[in-house]
1. Of all residues in the stretch 108-138, which are touching a Ser or Thr at 6+ places or on another chain (Cβ under 8 Å), more than 20 Å from R90 (Cα to Cα) and part of a helix (DSSP H, G or I)?
2. Looking only at residues in the stretch 157-175 that are touching a Ser or Thr at 6+ places or on another chain (Cβ under 7 Å) and within 15 Å of R41 (Cβ to Cβ), which one is modelled with the lowest pLDDT?
3. Could you please find all residues in the stretch 88-103 being of a type in the set (S, T, Y) and either assigned to a helix (DSSP H, G or I) or surrounded by fewer than 16 Cβ atoms within 10 Å (Cβ to Cβ) (or both)?
4. Output the residues belonging to the stretch 139-156 that are part of a loop (DSSP other than H, G, I, E, B) and of a type in the set (A, V, I, L, M).
5. What are the pairs, 6+ residues apart or on separate chains, where a residue within the stretch 153-182 that is without any contact (Cβ under 8 Å) to a residue 40 or more places away in the chain has its Cβ under 9 Å from a residue that is surrounded by 21 or more Cβ atoms within 10 Å (Cβ to Cβ) and of a type in the set (F, W, Y)?
6. Can P32 be described as in a loop (DSSP other than H, G, I, E, B), at pLDDT below 50 and either closer than 27 Å to S133 by Cα or polar (S, T, N, Q) (or both)?
7. Those residues that are of a type outside the set (A, V, I, L, M), within 21 Å of the chain's Cα centre (by Cα) and not in a loop (DSSP other than H, G, I, E, B), I need them from the stretch 35-55; list them, please.
Amino acid sequence: MHPASHLRAFLALVLCASALPVAAQINPGFDPSTPIRLVYRVDFTPPHDAFNTGFTPSGTVGDLLSLTSGLPCNNANPQRPALVAMTTDREQALRFARRYLEGLPWSGPGSRVYLFSIRADGNYISVPGAFYSAMDAGRTARAGYTPEHANALEYLLYTRSILGERAVVAPRVSSRNIANATTLWLQDGALREGDAPYPNPSYRHDPATAATNIVPDAQLPALLPHDAILSSEAGATGTCALSCDRATSASSFSAPDDEMDYTNVCSQSDAISPLLFDIIND
């Protein structure tokens, strides 16, 4: 065997052994048993607009396989998600905001985005939780899923940035669920946060409501279509994370499409999957 092949085989063994068997080793913050009470979204929408109207999806693509491939977020693709994307990880949201601002042609202290803190409820869906739920259904032959579906979903889970992004989606974000908004901007190469968040006067706090990482069987086929699972490509350009989904507040998305390179911003993630994918498939 060629020395390079020995090295790649060794790397594949190390990466697979450390990453594949236990999801928590890739993302220790993901715990399927923990209720989801607070999520975050980065958006250009001014707080007063979001506080009045919330966030509404701008497209018709409602399956998570498409969402996690990043295809609907490409500028050249007319199909957009029918889900509003958020994350449970505030640091992930801040990293996204930085990339977002750096990708703007007018990036600088005068360009600002907002980090919205949002109360999750029973209409919110954990993306990794949906994958795990469908995998469990496949292993026990429920909801039309099979062990083959479970294996394919597990592969996608580790070759896309699904675990690292900790995404949560909703068919709509009501203004009453938005707790506050924090101003973010770039200054001297660093991401800055406003001293105090803007509170939403119409926010309704309800500690009894939360989203879960367990998705009911009845919801799974619409989110993860049976046929699409087996035909999905393992490679992905990114995901429709946060405001890459181009959900709207008020009448339109604040940044015109021709002024934002969604493909560049949304294709970047913190996952190790590209290296793992290349090694396994070489």
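1. Within the stretch 108-138, G138 is the sole residue that qualifies.
2. This residue is E165.
3. Within the stretch 88-103, Y100 is the sole residue that qualifies.
4. Hits for the stretch 139-156 are A141, A143.
5. The qualifying pairs are E154/F131.
6. Against the criterion (in a loop (DSSP other than H, G, I, E, B), at pLDDT below 50 and either closer than 27 Å to S133 by Cα or polar (S, T, N, Q) (or both)), P32 does not qualify.
7. Listed by number, the residues that qualify are Y40, R41, D43, F55.
Here's the yes/no breakdown for (1) crowded, with 16+ Cβ neighbours inside 10 Å; (2) small (G, A, S); (3) at pLDDT below 75:
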residue	(1), (2), (3)
A4	no, yes, yes
Y40	yes, no, no
G59	yes, yes, no
L64	yes, no, no
S69	yes, yes, no
A85	yes, yes, no
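The values are calculated or read from the model by the stated rules, or taken from the named source; none is laboratory data. Owing to the predicted nature of the structure, the values given are computational and were not obtained by experimental measurement. Quick reminder, even Gly has a Cβ in these numbers, built from the backbone with ideal geometry, and neighbours come from all protein chains shown.
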